[in-house]
1. What does the charge count near LEU272 come to, summing +1 for each Lys or Arg and -1 for each Asp or Glu among other residues with Cβ under 9 Å from its Cβ?
2. Give me the net charge for the shell around ALA323: Cβ to Cβ below 10 angstrom, other residues only, Lys and Arg +1, Asp and Glu -1.
3. Report the local net charge at PRO84: Lys and Arg +1, Asp and Glu -1, summed over other residues whose C-beta lies under 15 Å from its C-beta.
4. How about the chain: what cysteines have no other cysteine beta carbon under 4.7 Å from their own?
5. For the full complex of protein chains and a 1.4 angstrom probe, list THR326, THR296, THR230 by accessible area with the highest value first.
6. Which of the residue pairs LYS110/LYS173; LYS173/LYS236; LYS132/LYS180 have a Cα-Cα distance greater than 28 Å in the structure shown?
7. How would the chain be classified by its alpha-carbon gyration tensor: rounded, prolate or oblate, with rounded meaning a/c under 1.5 and the a/b versus b/c comparison settling the rest?
8. Would you list the membrane-span-like helices of the chain, meaning whole DSSP H runs whose alpha-carbon atoms span at least 18 Å along their axis and whose mean Kyte-Doolittle value is at least 1.6?
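The values are calculated or read from the model by the stated rules, or taken from the named source; none is laboratory data. These figures come from a predicted structure and were not determined experimentally. With ideal geometry, Cβ positions are generated from the backbone for all residues, glycine too; neighbour counts draw on all protein chains shown. When the accessible area is computed, the model is the full protein with side chains, heavy atoms only, and any ligands, DNA or RNA have been set aside. Shrake-Rupley method; radii C 1.70, N 1.55, O 1.52, S 1.80 Å.
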Amino acid sequence: MIGGAAGALGVSFVMLLVVGVYIVAGNLVNGVTSGSRGLAKGAVPAAYKSLVQRWGNLCPALTPALLAAQLYQESGWNPTVVSPADARGIAQFIPSTWATHGIDGDGDGKRDIWDPDDAIPSAASYDCELAKYVKDVPGDVSDNMLAAYNAGAYRVIRAGGVPAISETQNYVKRIRSLEKSFAAPVSRLDPTRQAAGAIAFAQSRLGTPYLWGGNGTPEQGGRFDCSGLTKAAYEKVGITLPRVANDQYNAGPHPSRDELLPGDLVFFSDDLTDSRAIRHVGIYVGGGYMIDAPRTGAVIRFDPIDTPDYFGATRVTEEGAQALPTAV
């Protein structure tokens, strides 16, 4: 009965897909506008949102979304992380750099590299200081600022822009791409060409029993959990997503509920202020429904998305997925 019902429903959802992805696509305008000063819903953990919003407007070369992307790239919002190079805390300052550029952001009389109330303002302050150093360098001042953060201002000035260092070039590209995930969209978002293929994969798995930690391998009987299913669906169309749902949220910009298109990932959480608390994900198919792998004892199926724990959505892009850190 489940398989038959799913098959019948599938026909109607394929029609929704065709309308949603291919016809509507012709009516949409450009994607996220650069320079947005707002933050996407829940993209920054609530504990840091006001800090990022305030200090992300410190200078014209910086935005809250750009600062958020940089912090996420550096630490994944982890204020206790230490890198192999001894970079410390949420902003990943080397102690010697902190000694020169760390500030007392919260005015408590201490400059604490481990305290986000000091480290986030220090990151913004350092960014803006670097922006002043490279303001006369050809090219985009924000790109040059990020390059200076990674490689040093002298190298940017000497190169006349982002230097030909692969690590630095990738650092700049990743953060500018991630910026779109943290910015509140200021216009409607373009659909993606991979959406139909991702839905087709998920649809082909309807009726498959759920498996916690499932990646769909033969050893697992082709079974998935929620984020395993979405990861596999987008891998089928050439986009590699992180394994867990709260990192998948950062794989592109965030359409509002009334702007959803088939293929968008939809997310659910018990804390609607913090994307790091996301616990479930599905693939939107239209008409207020998603395909998801809901829980142990259930099968991959169609479920409604309009529930009290609906968090938001992500329009997955190749650029956004490629920008995600490999470990956060």
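1. Details: positive: LYS41; negative: ASP270, ASP271, ASP274, ASP309.
So the surrounding residues net to -3.
2. Working: positive: LYS173, ARG174, ARG176, LYS180; negative: GLU179, GLU318, GLU319.
Net charge around ALA323: +1.
3. Numbers: positive: ARG88; negative: GLU74, ASP86, GLU167.
After counting each charged neighbour, the total is -2.
4. Lone cysteines by the Cβ rule: CYS226.
5. Final ranking, largest accessible area leading: THR326, THR296, THR230.
6. Pairs exceeding 28 Å: LYS110/LYS173.
7. On the way: a/c = 2.26, a/b = 1.91, b/c = 1.19.
Prolate.
8. On the way: long enough: 2-17 (21 Å, 2.00); 116-133 (25 Å, -0.41); 166-182 (24 Å, -1.17).
Result, helices passing both filters: 2-17.
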